[in-house]
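Asks: A single structure is presented below for examination.
Every read-out reported here was derived from the displayed coordinates using simple, explicitly stated rules and does not represent laboratory data. From a predicted model like this one, the values you see are computed outputs, not experimental measurements. Cβ placement follows ideal geometry from the backbone for every residue including glycine, while neighbour counts extend to all protein chains displayed.
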Amino acid sequence: MWLYINIVLILIIIAILVYPMINKLRIKHAAKVVDNQVFANHLVGGQLIDLREAAEYRRSHILGARNLPFSQFDQSISAIRKDKPILIYEAAKPTITIRAALKLKKAGYTNIFILKTGLKDWHGKVKKGA
């Protein structure tokens with residue numbers, strides 16, 4: 001009995017340790033998480049997409065970005081071209097951008113870039129709104 005409990009506990013511990021590594025590999029395979037400079041270098045000719053909700057987007061966004069809120073991302077994914085680089089960002093550290101990149105990769109998109117620090121630490125031009 002105790003042998004089975006120990007085996008189960010060991011398997012749970014292994015799973016807890018292995019899952020983050022597997023997830024990191026999935027993310028690395030789907031998109032490149034880049035800093036401000038690399039992200040800015042790909043702006044020309046790329047599709048800049050803000051994944052925040054519309055109200056946040058209206059307050060401020062990177063100049064030239066279009067808003068595709070993550071809450072509506074599945075319905076809007078077809079509006080993204082496959083032949084151009086895709087640059088996605090959110091407010092801060094990537095969380096929803098990673099989920100969006102995985103969805104894009106699954107749909108056959110390549111050349112996906114995620115802004116590592118999000119809009120919070122963006123050094124480029126920003127459009128301020130209401």
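Asks: Please list, in order along region 115-121, the HN-Hα scalar couplings obtained from phi with the Karplus expression 6.51 cos²θ - 1.76 cosθ + 1.60 (θ = phi - 60°), rounded to whole Hz, x for Gly and Pro.
Replies: For region 115-121, the Karplus-derived couplings read 6, 4, 9, x, 4, 3, 10 Hz, x marking Gly and Pro.
Asks: I would also like to ask the following. Show me the three semi-axes of the equivalent ellipsoid for the chain, from the C-alpha gyration tensor (sqrt of 5 times each eigenvalue), largest first, rounded to whole Å.
Replies: Working: eigenvalues 238, 49, 40 Å².
Semi-axes (√(5λ), whole Å): 35, 16, 14.
Asks: Ok, one more. Hey, what angle do you get for helix 2-30 against the long axis of the chain, alpha-carbon based, 0 to 90 degrees rounded to 10?
Replies: For helix 2-30, the angle is close to 20 degrees.
Asks: Most fluctuating residue of Ala79, Ala55, Ala15 in a GNM of the chain with Cα springs under 10 Å: which is it?
Replies: Ala15
Asks: Can you tell me the 0 to 90 degree angle between the C-alpha axis of helix 96-106 and the longest principal axis of the chain, rounded to 10?
Replies: Between the helix axis and the principal axis of the chain, the angle is about 80 degrees.
Asks: Name the long-range amide H neighbours of Leu48: under 5 Å, sequence gap of 5 or more, or other chain; modelled H, no Pro or chain starts.
Replies: For Leu48, whose amide H was placed from the backbone, the distant partners under 5 Å are Arg66, Leu87.
Asks: Output the antiparallel fraction of DSSP beta bridges having both residues in the chain, as a percent to the nearest 5. Please report the intermediate quantities before stating the final value.
Replies: On the way: 3 of 15 bridges.
Beta bridges within the chain, antiparallel portion: roughly 20 percent.
Asks: Compute the length gained on full extension between Arg66 and Val126: take 0.36 nm times their separation in residues and subtract their Cα-Cα distance, giving the result in nm to one decimal. Kindly include the intermediate steps, with their values, before the conclusion.
Replies: On the way: separation 60, 0.36 × 60 = 21.60 nm, distance 1.25 nm.
Residue separation times 0.36 nm, minus the Cα-Cα distance, leaves 20.4 nm.
Asks: Further question: Within 10 Å of each residue's Cβ, count the other Cβ atoms and sort Ile96, Ile5 from fewest upward.
Replies: Values: Ile96 17, Ile5 9.
The fewest-first ordering by Cβ neighbours comes to Ile5, Ile96.
Asks: In a Gaussian network model over the chain where Cα atoms closer than 10 Å are linked, find which of Ala31, Ala40, Ala54 has the largest mean-square fluctuation.
Replies: Result for the chain, Cα springs under 10 Å: Ala54 fluctuates most.
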